[in-house]
1. Restricted to the stretch 195-207, and to residues that are in a helix (DSSP H, G or I) and in contact (Cβ under 8 Å) with a residue 12 or more places away in the chain, which residue is farthest from residue 136 (Cα to Cα)?
2. Mind checking whether some residue in the stretch 179-188 is touching a strand residue (DSSP E or B) at 6+ places or on another chain (Cβ under 8 Å), free of Cβ contacts under 8 Å to residues at least 60 places away in the same chain, over 21 Å from residue 132 (Cβ atoms) and not in a loop (DSSP other than H, G, I, E, B)?
3. Collect the residues in the stretch 160-178 that are more than 15 Å from the ligand (Cβ to nearest atom) and without any contact (Cβ under 8 Å) to a residue 40 or more places away in the chain, keeping them in residue-number order.
4. Only one of these is part of a loop (DSSP other than H, G, I, E, B), away from the ligand (no atom under 13 Å from the Cβ) and touching a helix residue (DSSP H, G or I) at 6+ places or on another chain (Cβ under 7 Å): 224, 157. Name it.
5. Checking residue 239 against (1) part of a helix (DSSP H, G or I); (2) under 25 Å from residue 129 (Cβ atoms); (3) within 14 Å of the ligand (Cβ to nearest atom), only one condition comes out false. Which one?
6. Being touching a residue at least 60 places away in the same chain (Cβ under 8 Å), on the phi < 0 side of the Ramachandran plot and either crowded, with 17+ Cβ neighbours inside 10 Å or out of contact with any strand residue (DSSP E or B) (no Cβ under 6 Å at 6 or more places or on another chain) (or both) is the filter here; which residues of the stretch 2-27 pass it?
7. (1) assigned to a helix (DSSP H, G or I); (2) buried (at least 23 other Cβ atoms within 10 Å of the Cβ): which one isn't true of residue 39, the others all being true?
Ligand code: PEP
């Protein structure tokens with residue numbers, strides 16, 4: 001099973017119109033073959049970003065969606081609206097959403113289902129907190145998040161799973177490559193157990209948490225790491241393009 005590698009950038013609550021120059025530069029590093037390149041700007045920039053990416057191989061995604069298709073939900077954005085603005089992917093269950101907005105596994109699952117219904121691929125994030133890591137509970141936490149938040153009808157086209165240890169996000173800390181390898185191997189086995197060998201091996205597994213140009217190559221050399229979800233280092237072309245290049249070379 002050949003899984004296409006994916007370099008995904010999450011701009012979080014960063015970026016105004018002037019930052020589209022960075023996005024355009026990054027788009028130039030996206031090729032027809034090799035790793036898929038995705039940027040998820042804030043919703044305010046989505047349609048401009050989609051315009052900037054038109055005619056390039058870069059894809060644009062959203063950072064979150066509401067589980068419903070439309071309705072009385074002030075301030076929220078549906079998966080259909082994100083698709084309409086040009087999003088091909090939607091991040092769901094990012095730890096900042098789980099923490100800041102109390103999102104449960106059931107909510108995350110509903111969002112992943114909404115993404116699929118709208119024709120977008122969900123990038124579903126799971127990961128343990130620092131306390132859970134220190135207690136040695138990482139795999140049990142991931143087992144439970146995976147069971148609770150991944151939809152039963154997930155496929156390699158509708159879902160990407162991102163392992164993001166909460167303590168590694170934005171901190172400059174990362175697990176060792178052995179730890180990342182053990183987690184990804186565990187997740188691959190759980191996906192095969194649940195979805196069978198075809199779908200279980202088709203779903204891409206990203207690592208996320210303080211991926212930088214300096215550590216990208218060693219992380220991408222780990223088995224079953226199909227790419228990365230990158231926060232801070234996706235904000236500039238100078239940082240993100242070397243990460244894309246490291247993924248191409250892996
Ligand atoms: C993220 O937000 O998903 C992330 C991994 O952030 P950073 O790369 O900044 O740690």
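Every number here is computed from the coordinates shown, using simple stated rules; none is lab data. Predicted model, so just to flag it, every value in this text is computed and none were measured. Every residue, glycine among them, receives a Cβ derived from its backbone with ideal geometry; neighbour counts consider all protein chains shown.
1. 198
2. No: zero hits.
3. 176, 178, listed by residue number.
4. So the residue among 224, 157 that is part of a loop (DSSP other than H, G, I, E, B), away from the ligand (no atom under 13 Å from the Cβ) and touching a helix residue (DSSP H, G or I) at 6+ places or on another chain (Cβ under 7 Å) is 224.
5. Going through the list (1) part of a helix (DSSP H, G or I); (2) under 25 Å from residue 129 (Cβ atoms); (3) within 14 Å of the ligand (Cβ to nearest atom), residue 239 breaks only (2).
6. Quick first cut of the stretch 2-27, residues touching a residue at least 60 places away in the same chain (Cβ under 8 Å) only: 3-12, 14-15, 19, 22, 25-26.
Okay, now just the ones that are also on the phi < 0 side of the Ramachandran plot, so 3-11, 14, 19, 22, 25-26.
Of everything in the stretch 2-27, those that are touching a residue at least 60 places away in the same chain (Cβ under 8 Å), on the phi < 0 side of the Ramachandran plot and either crowded, with 17+ Cβ neighbours inside 10 Å or out of contact with any strand residue (DSSP E or B) (no Cβ under 6 Å at 6 or more places or on another chain) (or both) turn out to be 5, 6, 7, 8, 9, 10, 11, 14, 19, 22, 25, 26.
7. Every condition holds for residue 39 apart from (1).
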